[in-house]
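The values are calculated or read from the model by the stated rules, or taken from the named source; none is laboratory data. These figures come from a predicted structure and were not determined experimentally. Backbone-built Cβ (ideal geometry, glycine too); neighbour counts: all protein chains shown. Calculation scope for accessible area: heavy atoms of the full protein, side chains included, ligands and nucleic acids excluded. Shrake-Rupley method; radii C 1.70, N 1.55, O 1.52, S 1.80 Å.
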Amino acid sequence: LKKELEKDTHPYSGHLIITYTTLMILLSRIEERKAIIGLYNYAHEMTHGASDREYPRLGQMIVDYENPLKKMMEEFVPHSKSLSDALISLQMVYPRRNLSADQWRNAQLLSLISAPSTMLNPAQSDTMPCEYLSLDAMEKWIIFGFILCHGILNSDATALNLWKLALQSSSCLSLFRDEVFHIHKAAEDLFVNIRGYNKRINDIRECKEAAVSHAGSMHRERRKFLRSALKELATVLSDQPGLLGPKALFVFMALSFARDEIIWLLRHADNMPKKSADDFIDKHIAELIFYMEELRAHVRKYGPVMQRYYVQYLSGFDAVVLNELVQNLSVCPEDESIIMSSFVNTMTSLSVKQVEDGEVFDFRGMRLDWFRLQAYTSVSKASLSLADHRELGKMMNTIIFHTKMVDSLVEMLVETSDLSIFCFYSRAFEKMFQQCLELPSQSRYSIAFPLLCTHFMSCTHELCPEERHHIGDRSLSLCNMFLDEMAKQARNLITDICTEQCTLSDQLLPKHCAKTISQAVNKKSKKQTGKKGEPEREKPGVESMRKNRLVVTNLDKLHTALSELCFSINYVPNMVVWEHTFTPREYLTSHLEIRFTKSIVGMTMYNQATQEIAKPSELLTSVRAYMTVLQSIENYVQIDITRVFNNVLLQQTQHLDSHGEPTITSLYTNWYLETLLRQVSNGHIAYFPAMKAFVNLPTENELTFNAEEYSDISEMRALSELLGPYGMKFLSESLMWHISSQVAELKKLVVENVEVLTQMRTSFDKPDQMAALFKRLSSVDSVLKRMTIIGVILSFRSLAQEALRDVLSYHIPFLVSSIEDFKDHIPRETDMKVAMNVYELSSAAGLPCEIDPALVVALSSQKSENISPEEEYKIACLLMVFVAVSLPTLASNVMSQYSPAIEGHCNNIHCLAKAINQIAAALFTIHKGSIEDRLKEFLALASSSLLKIGQETDKTTTRNRESVYLLLDMIVQESPFLTMDLLESCFPYVLLRNAYHAVYKQSVTSSA
């Protein structure tokens, strides 16, 4: 061991003693160890019929090692000299590694740019393996080693100084994973029982005080230095990866130094006095880990570059120098000569072409031969002593390092930068991550924590396969949690930005300019309104005017925080943890989809209790503002935001989203049906054809909303933009379901009056008989009311379809024009099923059709099994008769007066025209009757009935006769199957002309 440490040929042999010591200490910490070996022996007896032969020795060992260090101190007395000599040889390495940050800074450690002229020179050292040797390992060798051979501490000042330096650097050492050993207390307890060791005990106490007082701050400053040093190194290497060849040693030194400091902090954070807690909370630890990961990534990415460099180095320089050294040896036994010749031959045979061809290198045999050579030359009577040929040892150490740069880069990364110990410090690991996210300047480095989870599997061992699943599951759960939290944080920032942008967008809504216009008008007319001290309202855009660039708004802070976090999310496209691939960007995409969905529904501001809901145009403005922000995310992260829009907005066109939650389609459909159209049925709202909108009527109980603000053209277009063709189709289907329920009730009323209606159908030319039969009819008002409701619903659907057509014509004009052309050129002789398919396509595009396919589908589902098709057809015919003969009763209603201003009636009876035409077309399409013939029959009956009220003398009965006459004209104008010539044959046009004249004259009189 001494010679290996002295000559720095292989410093890892110290692990043998430390592993033995650690094992004994861990064994002593198992409280049930005696019971365990007793059970083992009992199981052995049951299995083999006899106890284990070595059981007594094992039991004796458990008893002897009750106090393991004390026992081992006795055991190592014979080896004290060789062990102490080996440990003292570390004085050339350990003090040099254990320097302060200021000393590192003054020496410009790890800097590639401090001496530009030597930047391309290869990094050299006489003790290559010791440059990246773990500081933690050396401290274990020194502390445990000098405890085992403690006598040297009293006689050798060098040994004592080395031991005290190690004791001042740490308060505890890692035995295994998260098991720690408190060195000061253990050493004091051991030495207190040894005579003459009072000085050593005082030394221990002084060192403990120094460790508590200064170690934390010293390591904090080291981490601070390493952050800047690794950042510089990573930046230079990313720009000039070719420097990884000559400066590979710097990279592994940097990784090793950083790893030592991180593990030291992790080990001491929970094992130090709380009075110096600030030195053990490092909110910038993520930055250091991040730069470590960046260096690791450079080594993995540019491995072939390093291979090319060192293959040439080995064959062109190392082989030549080694050959010269071998030639100059005065004595070289045959075995040693063969080994060294094989070294030279192996290196000489290397070529760059092997790297280019992707050949796998393996120098393990060469390294084993070097170990054999060390063994041959380290024995006391060896003819070739390595101690006498130091240059050969140094050269071979350098060559071994160079071979590792060719075939063992991954193993070197594990050796120098493995942080799998975080797997066993889950709480501290999560706390560091949370601190990283809370500090905006550190959030860009948060990806380091999920990347650390890729290290965890390197702490598993083939001798303990059962823990692979446990550690693997922990790595997966932690990686998933970290990525999920990062995505949530980014999502929350994006949501805050969206909220700000929606507020700014809301300021641009037309409703906010009313006050400005009012002020301008009043100023022009010199009217004084409001209080003198009333502040002037800020106009939109003021927030963009900066008087000082140092002023930072909330939006600026949010964008800065988001860009930092998105850098982290976008840092790697994916990472592999225990054969599972994680894609950070997909986490963000998933969270954005969920939040966008909730935000859209939330922005409707639907209140079920008060039945309040946002106007479609305002919601559309907010959604567009939201989408603009989301589109800007593509500037930060390489995600397909269009996919998010497609997934979310398409789900919003359905009744329920993928999580079974209501969408804006279901909310608006429900609101228009249950709130707006219900108030129309109650007589509080009327449909104004002139305005193409529903308008509130003056009533005693004022409504909580203005119908016009939800149903005019701009609002319906906004609704179509939001719901899209799928959503509008769902709206139509819901409207048709309500119509079908009304038609079902109408059919019941027809069945109640079937005999009377059958007679009236054939007696329309016998006025007296018709009058007598009409008196026998029941539920006449109910029929008209239900038909009016159907007309209102169809009028609303017409508005929705027209808005959909306008929207689609803007977005897909060529496709809409093709569908329109297709619909307009259906030959009359086309089969009805084919025609209905075309109508369905046209209806989906918002085009009006002669026969409404949605209504046909809704009414088709009503066919009853107990009634024959002929009977169904008869009921449909009689329904039209019932409506036709009931029309005259509308003249007696005060609200039936026609208003030229709105081009309709305040009680919505003008909607009957649409109801009659569409119901007739749908019913007679289902029952395969002639729509035209049935409408002619309807017109004949209706005109006959209306002509009869022209002869009435009762003013109450005929108060709005002229307004009702106009219904006939509306029915014909609305119908694609009836003509004015046909109407002229049934109802004189002069009566219509006089009726129009009368209602317009009455309207002018009323206005005056």
Exercise for review: Find the helices (runs of 4 or more DSSP H) located wholly in the stretch 157-241 whose residues include 3 or more that are touching a Leu at 6+ places or on another chain (Cβ under 9 Å) and of a type in the set (D, E, K, R), and list them.
Suggested key: 198-210, 216-239
Exercise for review: Search the stretch 946-965 for residues being buried (at least 21 other Cβ atoms within 10 Å of the Cβ) and touching a residue at least 40 places away in the same chain (Cβ under 8 Å), and hand back the single one that is nearest to Ser985 (Cα to Cα).
Suggested key: Leu946
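Quick check on the stretch 317-343: of everything there that is part of a loop (DSSP other than H, G, I, E, B) and without any contact (Cβ under 8 Å) to a residue 24 or more places away in the chain, which residue is farthest from Glu391 (Cα to Cα)? Reasoning before the result, please.
First, the residues of the stretch 317-343 that are part of a loop (DSSP other than H, G, I, E, B): 328-333.
Subsequent filtering for residues that are without any contact (Cβ under 8 Å) to a residue 24 or more places away in the chain retains 328, 330.
Numbers: Asn328: 11, Ser330: 14 Å.
Among residues in the stretch 317-343 that are part of a loop (DSSP other than H, G, I, E, B) and without any contact (Cβ under 8 Å) to a residue 24 or more places away in the chain, the one farthest from Glu391 (Cα to Cα) is Ser330.
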Check your understanding: With respect to Leu109, is the statement that it is assigned to a loop (DSSP other than H, G, I, E, B), open to solvent by 20 Å² or more (accessible area, probe 1.4 Å) and without any contact (Cβ under 8 Å) to a residue 24 or more places away in the chain true?
Key -> no
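Look through Phe401, Phe363 and report the one residue that is in contact (Cβ under 8 Å) with a residue 60 or more places away in the chain and of a type in the set (A, V, I, L, M, F, W, C).
Working: Phe363 fails: in contact (Cβ under 8 Å) with a residue 60 or more places away in the chain.
That would be Phe401, the only listed residue that is in contact (Cβ under 8 Å) with a residue 60 or more places away in the chain and of a type in the set (A, V, I, L, M, F, W, C).
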Revision key, fill the gap. In the set Ser985, Ser963, Ser975, the lone residue that is touching a Ser or Thr at 6+ places or on another chain (Cβ under 8 Å) and hydroxyl-bearing (Ser, Thr, Tyr) is Ser963
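Working only within the stretch 847-885, note down all residues that are part of a helix (DSSP H, G or I) and either not aliphatic (A, V, I, L, M) or not assigned by the TED database to the domain that holds Val754 (or both). Please lay out each step first, then the result.
Here is the first cut: in the stretch 847-885, the residues part of a helix (DSSP H, G or I) are 853-860, 869-885.
Scanning the stretch 847-885 gives Pro853, Ser860, Pro869, Glu870, Glu871, Glu872, Tyr873, Lys874, Cys877, Phe882.
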Check your understanding: Do we have any residue at all in the stretch 757-771 that's surrounded by 15 or more Cβ atoms within 10 Å (Cβ to Cβ), over 21 Å from Tyr873 (Cα atoms) and touching a residue at least 60 places away in the same chain (Cβ under 8 Å)?
Key -> yes
Check your understanding: Looking at (1) among the β-branched types (Val, Ile, Thr); (2) exposed (fewer than 14 other Cβ atoms within 10 Å of the Cβ); (3) at pLDDT below 90, can you tell me which one Thr47 breaks?
Key -> (3)
**Study point:** Near pairs, Cβ below 7 angstrom, 6+ apart or cross-chain, from the stretch 371-382 (closer than 19 Å to Ile399 by Cα) to any residue that is among the β-branched types (Val, Ile, Thr)
**Key:** Arg372/Ile339; Leu373/Ile339; Gln374/Thr9
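In the stretch 800-842, how many are in contact (Cβ under 8 Å) with a residue 40 or more places away in the chain and under 39 Å from the mean Cα position of the chain (by Cα)? Don't jump to the end; show me each part of the working.
Looking only at the stretch 800-842, we keep the residues that are in contact (Cβ under 8 Å) with a residue 40 or more places away in the chain, and these are 800-808, 832, 836.
Of the ones still in play, those that are also under 39 Å from the mean Cα position of the chain (by Cα) are 800-808.
Residues meeting the conditions: 9.
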Point to revise | All positions within the stretch 602-615 that are part of a helix (DSSP H, G or I) and surrounded by 18 or more Cβ atoms within 10 Å (Cβ to Cβ) | key: Met603
**Study point:** Condition broken by Phe774, with the remaining ones in (1) hydrophobic (A, V, I, L, M, F, W, C); (2) farther than 30 Å from Ser896 by Cα; (3) open to solvent by 10 Å² or more (accessible area, probe 1.4 Å) satisfied
**Key:** (2)
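For every residue, the table says whether it meets (1) small (Gly, Ala, Ser); (2) on the phi < 0 side of the Ramachandran plot; (3) open to solvent by 30 Å² or more (accessible area, probe 1.4 Å).
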| position | (1), (2), (3) |
| --- | --- |
| His284 | no, yes, yes |
| Glu293 | no, yes, no |
| Arg300 | no, yes, yes |
| Gln312 | no, yes, yes |
| Ser315 | yes, yes, yes |
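Only one of Thr675, Thr653 is out of contact with any helix residue (DSSP H, G or I) (no Cβ under 8 Å at 6 or more places or on another chain) and modelled with pLDDT under 95; which?
Only one candidate passes the filter, namely Thr675.
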**Study point:** Where a residue in the stretch 41-65 is of a type in the set (A, V, I, L, M, F, W, C) and its partner, wherever it lies, is not in a helix (DSSP H, G or I), with Cβ under 9 Å and at least six apart
**Key:** Leu58/Asp52
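Condition first: open to solvent by less than 60 Å² (accessible area, probe 1.4 Å) and without any contact (Cβ under 8 Å) to a residue 40 or more places away in the chain. Now tell me which residues in the stretch 677-705 satisfy that. Quick ask: steps written out before the conclusion?
Start the filter on the stretch 677-705 by keeping residues that are open to solvent by less than 60 Å² (accessible area, probe 1.4 Å), which leaves 677, 679-681, 683-690, 693-697, 699, 703, 705.
Within the stretch 677-705, Gln679, His684, Ile685, Asn696, Thr699, Leu703 meet the criteria.
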Point to revise | Unique residue being open to solvent by 30 Å² or more (accessible area, probe 1.4 Å) and on the phi > 0 side of the Ramachandran plot when the list is Glu586, Glu579, Glu618 | key: Glu579
Study note, to complete from the structure: Just one listed residue, out of Gln918, Gln951, Gln973, is outside any helix (DSSP H, G or I) and among the polar types (S, T, N, Q), and it is Gln951
Review point. Based on what the data block shows, is Val780 farther than 30 Å from Thr597 by Cα and surrounded by 15 or more Cβ atoms within 10 Å (Cβ to Cβ)?
Key: yes
